[in-house]
Amino acid sequence: MFLILRHAMRIQVAALTAAITMGGVATADAAALRSDVTVSGNAVTLGDLFDDAGTAAHIIVSDAPAPGLTGDISISRISLVARRNGLAWHNTSGLTHVTVVRAGTAVPEIEVSTAIASAIMAATPSFAPSTRLQVDFANGAAGVQVGTGALATVKVEQIATNPRTGAFDALLRAPADDPTAVLRRVSGRAYPVMDVPVLTRDVTPGDVVRSQDIDWVRLPATRVSQNIITSESQLVGMSPRHSLRTGEPLRNTDVQAPLVVAKGTQVDMTYVSGSLTLTARGRALQSGAIGDTVDILNPRSNRTIQGTVLGPNMVRVDVLGGSLPSELKS
């Protein structure tokens with residue numbers, strides 16, 4: 001009788017153990033592994049990787065990639081950490097790794113460009129303080145990001161440059177004040193540039209350029225020769241010598257002061273000496289703008305004298321040696 005009871009108890013214990021084991025398997029089967037995940041923190045946990053990691057959700061499996069970057073975690077590592085923490089999981093999908101994306105906030109391109117330009121300027125004594133640098137990144141963009149909620153700032157920790165080609169290779173820390181932030185490598189080319197004025201409309205001879213006709217474009221400094229117009233004051237109030245097109249850099253020889261005296265037209269010649277003012281009529285033998293010296297023919301004497309253009313059809317005649325030009329005598 002005792003043997004029968006003992007045998008029955010063994011059967012019950014075995015059945016209870018089997019039920020507990022089956023329950024454990026059922027719980028493990030409920031924890032499904034994701035093939036790719038996105039995290040926002042510095043670490044990847046079992047809770048990030050599994051749909052239902054239970055009490056093991058907080059266990060760290062791996063460091064997360066840098067913000068904005070992607071990394072992989074092998075299935076063998078995931079399985080090892082899961083088993084050690086009571087999460088029995090079977091790779092029924094045949095996965096070899098899980099892809100992890102680290103969410104982040106992009107550092108504005110202007111912030112990265114400014115930091116790199118400042119570092120290059122500091123490392124290149126040959127650049128004048130007024131030099132402006134254009135920074136072009138090798139991949140079209142710097143692509144620097146910080147963690148979600150972090151300040152979008154950047155600091156250049158190291159930089160190497162080629163003064164001849166402008167090529168650079170830099171290590172950046174973002175955020176700038178986070179000593180634990182992963183250093184990011186960026187490369188590209190930096191070169192001096194200048195802003196030059198261009199026209200916003202086509203202009204033709206006889207037009208006068210106004211300030212509202214001007215826009216600005218940035219050009220490599222090597223493309224800006226000495227005769228290129230670089231300031232608004234060189235252009236406003238000027239008139240084109242020939243037709244000029246929108247958006248094209250202009251040369252000093254492309255424009256001139258507006259002509260206020262046309263060749264062949266009648267002009268008033270004026271001589272002023274103290275309180276004495278004399279005037280006479282003449283014919284312009286040359287066209288001229290204000291300030292130009294032109295030849296004038298006096299029809300009465302049939303002599304040619306020179307005068308300085310004062311305004312529309314107005315010329316000042318200067319007297320040399322204090323004598324009065326006969327052309328102005330009645």
Q: Determine which single condition TRP216 fails, assuming it passes every other condition in (1) farther than 23 Å from GLU109 by Cβ; (2) open to solvent by 70 Å² or more (accessible area, probe 1.4 Å); (3) assigned to a strand (DSSP E or B).
A: (1)
Q | Filtered residues of region 155-182 (kept if farther than 15 Å from SER113 by Cβ, of a type in the set (A, V, I, L, M), in a loop (DSSP other than H, G, I, E, B) and open to solvent by less than 60 Å² (accessible area, probe 1.4 Å)) | A | ALA181
**Q.** Flag if ALA103 is in contact (Cβ under 8 Å) with a residue 24 or more places away in the chain, within 42 Å of the chain's Cα centre (by Cα) and under 24 Å from VAL146 (Cβ atoms)
**A.** yes
Q. Residues of region 122-134 being within 18 Å of LEU171 (Cα to Cα) and open to solvent by 70 Å² or more (accessible area, probe 1.4 Å), which ones?
A. ALA122
Q: Would you mind finding the one in ALA82, ALA115, ALA119, ALA152 that is open to solvent by less than 60 Å² (accessible area, probe 1.4 Å), part of a loop (DSSP other than H, G, I, E, B) and in contact with a strand residue (DSSP E or B) (Cβ under 9 Å, 6 or more places away or on another chain)?
A: ALA152
**Q.** Test: GLY282 is in a loop (DSSP other than H, G, I, E, B) and open to solvent by less than 50 Å² (accessible area, probe 1.4 Å)
**A.** no
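The values are calculated or read from the model by the stated rules, or taken from the named source; none is laboratory data. These numbers were taken from a predicted model, which means no experiment stands behind them. Methodologically, a virtual Cβ is constructed for each residue, glycine included, from the backbone with ideal geometry; neighbour enumeration extends over all protein chains shown. Just the protein is used for accessible areas: all its heavy atoms, side chains included, with ligands, DNA and RNA removed. Shrake-Rupley method; radii C 1.70, N 1.55, O 1.52, S 1.80 Å.
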